[in-house]
Amino acid sequence: MNLRSFFNTFQRDLLAGTVVFLVALPLCLGIANASGVEPFAGLVSGIVGGLVVAVLSGSRLSVSGPAAGLVVIVVDGIAQLGSFAAFLLAVLLSGVIQFGFGMLKAGRFAAYVPSPVIKGMLAAIGVLLIVKQLPLALGIPASHAAPAAAQNTAALGISTPLGSISLTAAAITLLSMAILVGWETRALRRFTLVRLIPAPLAVVLLGIGSTLLLGLLTPGLALPAEHRVALPPLESFAALQVALEWVDFGPHFAQLVNPDVWRVAITLAIVASLETLLSLEAVEQIDPQRRAAPPDRELKAQGVGNLIAGAIGGLPITSVIVRSSANVHAGAQSRLSAIIHGVLLLVSVFALTSVINLIPLACLAAILIFTGFKLAKPSLFIAIARQGFAPFAPFIVTLVGVLATDLLIGIVLGILCSVLLALYANLRSPIMLAQHGDHYLLSFRKDVSFLGKVPLKHYLQQIPDGATLIVDATRADFVDHDVRELLDTFVADAPRRQIAVDVRHQVQAQARAARGWSMRRPAAE
């Protein structure tokens with residue numbers, strides 16, 4: 001690579017990294033808020049995803065960080081383990097498990113997960129995101145909010161059984177949703193400014209502008225601090241070290257003997273690995289050069305990233321398709337763009353704290369609700385339903401399973417449903433009997449297991465004395481021993497009943513095919 005080519009690549013990566021940073025910043029804050037943890041935890045994960053995973057990854061365009069798809073696991077995990085510190089240990093262990101997946105070359109097994117199960121999992125995550133973010137979108141204070149904050153909001157809003165709805169927060173949410181929807185329309189995409197500014201950044205700018213404007217003109221309508229991002233000031237590296245004190249913010253290794261910690265860790269490792277591998281496939285499809293990334297190396301990189309994130313107080317990390325697609329569309333050439341995005345996130349912790357704290361939580365809630373709607377849009381349900389019962393059943397089972405239990409159990413239920421449907425399809429009517437006069441055709445339409453013994457016995461009982469039976473087993477690569485034994489017994493007894501039997505096996509079909517090919521080949525040439 002010559003110097004001119006290097007600077008051209010660097011320039012494009014710098015621009016793409018900046019765009020990804022502008023997309024990732026509100027998402028990191030929003031996901032942390034949706035997970036019920038400090039905003040700093042989301043930024044830590046974004047920084048680790050940019051500075052650690054991007055360096056170790058084999059993908060040139062994938063961008064990693066906290067993912068909306070893991071919010072459900074984070075919320076349930078913290079509630080189940082009783083503290084964020086114990087959950088951090090689960091994140092650390094999930095990183096070790098992911099690294100083990102990479103060492104065992106388990107990346108290829110993700111391809112065996114049925115597509116309806118994955119779509120059902122994502123749709124369930126979308127539904128949960130929408131439900132959990134609605135209170136923040138409406139400005140309803142959390143149950144642990146101070147009474148003063150609740151009274152302040154109630155004075156500006158409408159009282160409901162769930163709490164007081166803030167008219168200001170609701171208005172900001174509606175405007176944010178309008179921006180997110182409008183930014184994807186062709187009418188607005190014609191404008192250069194719309195193409196240059198990512199939709200999440202436009203929403204954040206709206207929120208910051210509304211906070212400043214309302215605070216200046218009508219302080220009574222401005223959202224209180226309880227309804228905005230609360231990122232603690234970190235003015236020096238010393239302050240950062242204090243924030244990452246293991247006593248306060250690190251994992252509690254005493255929880256290693258807690259089986260619930262391991263359960264959460266395994267769930268995180270499996271789901272994060274699946275989401276990462278699916279994101280890699282999606283990035284490969286939108287990459288103009290169709291560059292494939294080694295999945296096992298990616299699992300190792302993600303494992304190291306989650307190990308570090310868990311150790312220093314971050315949320316779990318995956319490869320995120322939203323950021324990765326923004327990276328591709330911004331013209332990224334190498335993984336340097338992801339590294340630049342991580343550097344900018346780190347700088348924002350020190351330089352943009354006061355600006356970040358002006359962002360209303362309603363804006364972040366609107367971004368996540370819009371993300372949830374895209375994951376669980378009605379057209380997805382209609383499209384899968386039109387494909388038939390076989391794909392729709394595991395999709396619904398996974399969706400309901402995740403909503404009723406948790407993510408891992410829902411995925412397992414969906415896979416079991418897919419397996420049962422596949423077994424039913426393979427075992428259903430493997431043998432057919434057709435009749436023409438005194439001639440009978442017994443066809444093995446596919447492989448026949450021991451369960452085919454019952455229908456075979458029923459069909460053989462229908463063959464009368466003096467008939468002619470043709471047994472066509474050319475389409476069956478496997479016939480169970482019990483089935484063959486039953487058929488051999490019938491063939492041995494056929495002369496006594498004056499039944500003519502012609503059994504055609506797979507070997508005979510292959511021989512005929514070979515002869516047919518040798519006869520047709522000269523004509524084809």
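If you put +1 on each Lys and Arg Cβ and -1 on each Asp and Glu Cβ, how big is the dipole of the chain around its Cα centre, in Debye rounded to 20?
The dipole magnitude comes to about 1560 debye.
With loop defined by DSSP as not H, G, I, E or B, and exposure as at most 10 other Cβ atoms within 10 Å, which is the longest segment of the chain clear of exposed trypsin sites (Lys or Arg not before Pro)?
Free of exposed loop sites, the longest segment is 1-189.
I need the Debye-formula profile for segment 35-135: one equal scatterer per C-alpha, no solvent, reported as log10 I(q)/I(0) at q = 0.12, 0.14, 0.25 1/Å, two decimals.
-0.51, -0.71, -1.41
Once you have a ≥ b ≥ c as the square roots of the Cα gyration tensor eigenvalues for segment 3-418, tell me rounded if a/c is under 1.5, and otherwise prolate or oblate according to whether a/b is larger than b/c.
rounded
Set the Förster distance to 60 Å, then compute FRET efficiency between Leu352 and Arg428 from the Cβ-Cβ distance, nearest 0.05.
Computed FRET efficiency for Leu352 and Arg428 comes out at 0.45.
Using 7 Å Cα-to-Cβ label points, what is the Gln387/Asp477 separation (nm, one decimal)?
Those two pseudo-labels are separated by 2.3 nm.
Just tell me the longest site-free run in the chain, where the sites are chymotrypsin sites (Phe, Trp or Tyr not before Pro) in a DSSP loop having at most 11 other beta-carbon atoms within 10 Å.
Within the chain, the longest run free of exposed chymotrypsin sites (Phe, Trp or Tyr not before Pro) spans 192-477.
What ranking do 302-313, 68-79 get when scored by the average of other Cβ atoms within 10 Å per residue, highest first?
Highest mean packing first, the order is 302-313, 68-79.
Towards the positive end of the charge dipole of the chain, with charges on Cβ (+1 Lys, Arg; -1 Asp, Glu), say which of Leu423, Ile409, Gly220 has the farthest Cα.
Leu423
Answer with one residue from Leu61, His341, Ala90: the one whose Cα lies farthest towards the positive end of the charge dipole of segment 3-418, charges on Cβ with Lys, Arg +1 and Asp, Glu -1.
Leu61
Among all helices in the chain defined by DSSP H, which have a length of 24 Å or more along the axis from Cα atoms plus a Kyte-Doolittle mean of at least -1.0?
Long hydrophobic helices here: 3-34, 84-103, 115-137, 199-217, 259-286, 295-312, 407-427, 506-524.
Which log10 I(q)/I(0) values, to two decimals, does segment 262-383 give at q = 0.14, 0.17, 0.20, 0.21 Å⁻¹ under the Debye formula with one point per Cα?
Each listed q maps to, in turn, -0.84, -1.22, -1.45, -1.46.
Which of Ala390, Leu15, Leu441 sits closest to the plus end of the dipole of the chain, meaning its Cα is farthest towards the positive end, when Lys and Arg get +1 and Asp and Glu get -1 on the C-beta?
Of Ala390, Leu15, Leu441, it is Leu441.
Taken together, the values in this text are just the output of simple stated rules run on the coordinates, not laboratory data. Everything numeric here is computed off the predicted structure, so don't read it as measured data. Quick reminder, even Gly has a Cβ in these numbers, built from the backbone with ideal geometry, and neighbours come from all protein chains shown.
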